[in-house]
Every structure is written in structure tokens, then in C-alpha cells.
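Structure record follows, encoded as C-alpha cells.
The values are calculated or read from the model by the stated rules, or taken from the named source; none is laboratory data. As the structure is a computational prediction, the values presented were derived from the model and not from experiment. Backbone-built Cβ (ideal geometry, glycine too); neighbour counts: all protein chains shown. Side chains included, ligands, DNA and RNA excluded: accessible areas come from the protein's heavy atoms. Shrake-Rupley method; radii C 1.70, N 1.55, O 1.52, S 1.80 Å.
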Amino acid sequence: MYNTLRTFLLSNARCWDADSQRSYQDLFERLDTNKDGKVDVAELRAGLKAMGIFRQGAAQKIVSSGDQNKDGCLDFNEFSKYLKEHEKKLRLTFKSLDRNNDGRIDASEIQQSLAELGIDISKENAQKILQSMDIDGTMMVDWNEWREHFLFHPAHNLEEIIRYWKHSTVLDIGDSLAIPDEFTEEEKSTGGWWKQLVAGAVAGAVSRTGTAPLDRMKVFMQVHSSKTNRISLIGGFKQMIVEGGLTSLWRGNGINVLKIAPETAIKFMAYEQYKKLLTAEGKKIETHKRFMAGSLAGATAQTAIYPMEVLKTRLTLRKTGQYSGMFDCAKKVLRKEGVKAFYKGYVPNLVGIIPYAGIDLAVYESLKNAWLSYHTTDSANPGVLVLVGCGTISSTCGQLASYPLALVRTRMQAQASLNSSNQPSMSSLMRNIVAKDGFFGLYRGILPNFMKVIPAVSISYVVYEYMKTGLGISK
């Protein structure tokens, strides 16, 4: 149904001939429902809805892009100028996709272009994407079909159109072991990459602060809870508040937020270097090499900031008056235990990167391909809920797989605060936990960890969107 409406509205709007001004005029008059000589956001939104374009913010972005006199709407000159410029960009994108220059795009060309952007999909899924643009049922998309599909879509190049399916770093659930995002050449040259990293870092800081009490409870249960010393969620919070007051629930949050910036920067720079080492010049990186580069980048970043991880655990578990702050904690640890104390638990932390990053990537790719298989009849855009849902599920699965190693790491980091002279290795500590508490002893603290996922994801996504607007990053 929407294809019929869309074709009706756009049938006279093709502007590659001498009659372009007239055809734009016809389209403008149809969108200008109140006949005031201007198209505002509400009128454009209604017109887009009639064409089956439901992308959130599309009407606002089109009006903002074309509105030269900043009156909040488009007159005919602004409207036609926006469409002409937009169409030129769409034509360039179409030509870049049309590898054999036959004037049509087929499934193999879509598959190849996606692969070059780091997204590997099957031929069947490429055909599904093609179907969302194919009006005449030929399983090929010509210029007219391409143009009609994207004319009122704010995205104008292939990277923007495909960017829906980038595995977003927006979703901060407290662990930074996922493989970094890919940035396009355009983003790198215009500086868009650092704005996205800044937006993600701020979103992560707000998210971690909002869920800090649950994170402290997780660490508290990982270290102190056992079969003989069961700690419930409510009992644990009561114990913390009685010992140090309400603000004690945020112990360790300061350094947890501080380490976001260096970790993000190191991981990004290391990822770019590892990609160059693993890929021949001029070629796009393959999925398995992207996984290797991402894992190595994660290991590099973790190695560099690991002392901050140890301090975070010590500060999280500290008693009232034990340390006056981060630097006091660092001095006391160095004086009493030496430099090597700052790398306790380093091995299980490093080993945990592989199952976390691998399962996170595999689950995300599976969910993405499942969505593309069944839901691309009308649009290749999955929408916010699907993207956030896929990212949340994949990150949670990654956490679940690496959680025993995270627990062992935390126990090793906290050994001195437990007044223990015995310093067991990773394997012996794991055996001791299983012997005393059974297999599920390796999952102590998993409840508050899972409880913080949804609020953490929600907070980080909302803050990220606000930060993107503030920094002028286009959607």
C-alpha cells in the first residue's frame, strides 16, 4: 500500500530533465497542505508518513538542512534546492554501488559494498535489503527506485545508510571489553570520530554514576559472599548504608568514570594500528581480523589502565576512613604491597576479553542477520528499539560467558583488603570457589550485575543522543 502512495507522490518529482522545476513544484504543492507557500515539519512528517517513511527525526532533519533563513519551514526555493543537492549525493552513492555500471544494483553488489564496510551478510539477506527498495519486483534496483526510496531520507551516502548496523559503543553497561566501532573515512577526515567518542564517554560516565550502587553491590558480593556468609541484595545495601551512609553506595565510582577517557582513546588508537598490521594496504578488514584487532586493542587498553581497575576495586571495598581518596589509596597500596599489586588479577582479566568480545560479536551478528531475514520488507532501518535490544542482549551474553573470570579477577584484586596472607593463582582460586560454593559460586553478584543492564543502557543511550545534538553530530 505505501509503495502505491509513495509512487503517486513522487511520480512527478524526477529532476534529471528540463522540467525539474515544474515537477518539484507539483510535489511541493502536495506537501503544502495548508497552502501557505511553505512546508513545515508537521506537513513534511505527514507527507513522509503517507510515503511509508517512519524514520524518527527525518522531517526535522530535512527542514533543518534546507532552512536557509531559519524560519522553521521550507519555501519552494529552499525545498527545491535541498532536493537537488540531496539528489546529486544520492546519484554518487548509486554509482559507487553499481560496480558493473549497468545502471542497476543487484544483491551481489549490495553484499560486496556491505562487506567493505565491515558487515558480512549472506546473499539471501542482501536480497532482503534489495526487496525493501525494489518497486517493480525485478530483484534489481535502478536509479528511479533508488532515488524514490532515499529522496526523503536524510542519509545521503552509503556509510550513512549502512551505519544503522554498526555495533554501537553507546551502550555502556560498565565493562569496556567489546570490539570498537568502525569509523568511515569521512568521519575520520571531518573529525566526527572524536565527537562520537566524546559523546560515548560522557554517556558512559552518566550511566556508570547512575548505576554505581548496583555495581558496588556486585563487587561486594563477588568478594564477601559465600555459602557460609550469604549476602542478600537488601541486606547488602543496609550493611553499606549503616557502615558509611548513603553516599558510600558510590564508593569507587570516581575512578570508574575517570578511566573511561584513557581506555577509550587507547583502545581506538590501538584498534586502528592493529587493523593496519592485519590487513593488506587498500583492502577492507574481514570479520575474523576485525575480531582479532578488537581483542588485541582491548588487551592493550586494559594493560595500560589496569592499575586504575585495581584501585577501583580497592576503593569500592574500602571502609570509612581507610583511604582519603584515589591518590592516598595508590600510595598505601604501593608502600605496603609494591608495584606488582597494581597488576593482581591481570591474567584472568586478559583471558576474559576473548569470550566477552567473541560472544558479544557473534550474538550481535546473529541477531542482526535474523532481523534482516524476517523484517526488511519495508525498510532496511531496524529502528532504535531493535538496535538497543540487540546490543543489550549481545553484551549481556558476553558478560555471562566471562563472568567467572571477572569474579576471580576481583577476588585477586581485593586479596590484601581481605587480610589474607595466602595469594592463590587464578586456577587454584577458581578450584577453591567451586569446592566451597559449587559451580554457581563463580556467579556470585550476577543479580545486581544484570539488574543494572537495562537502566545503564537506557541512560547511556539517552545521554548519547543529547550529546550528539550538542556536538552537532548528524544522525
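A count restricted to the range 342-368 and to residues that are surrounded by 18 or more Cβ atoms within 10 Å (Cβ to Cβ) and assigned to a helix (DSSP H, G or I) stands at 17.
What are the residues in the range 303-326 that are under 10 Å from LYS259 (Cβ atoms) and of a type in the set (D, E, K, R), if any? Within the range 303-326, GLU309, LYS312 meet the criteria. Counted as qualifying within the range 390-472 are the helices (runs of 4 or more DSSP H) with 1 or more residues that are open to solvent by 60 Å² or more (accessible area, probe 1.4 Å) and under 27 Å from PRO307 (Cβ atoms), namely 426-437.
For the range 203-251, name all the residues that are open to solvent by 10 Å² or more (accessible area, probe 1.4 Å), free of Cβ contacts under 8 Å to residues at least 24 places away in the same chain and assigned to a helix (DSSP H, G or I). Matches in the range 203-251: HIS224, ILE234, GLY235, LYS238, GLN239, ILE241, VAL242, LEU246, THR247.
Checked against the criterion of being basic (Lys, Arg) and closer than 30 Å to LYS195 by Cα, the candidates LYS289, LYS331 yield just one match: LYS289. Against the test of being part of a helix (DSSP H, G or I), touching a Ser or Thr at 6+ places or on another chain (Cβ under 8 Å) and either closer than 24 Å to ASP215 by Cα or touching a residue at least 12 places away in the same chain (Cβ under 8 Å) (or both), the options THR264, THR316, THR303, THR320 yield a single qualifying residue, THR264. Among residues of the range 25-81 being over 35 Å from the mean Cα position of the chain (by Cα) and basic (Lys, Arg), the one that is modelled with the lowest pLDDT is ARG30.
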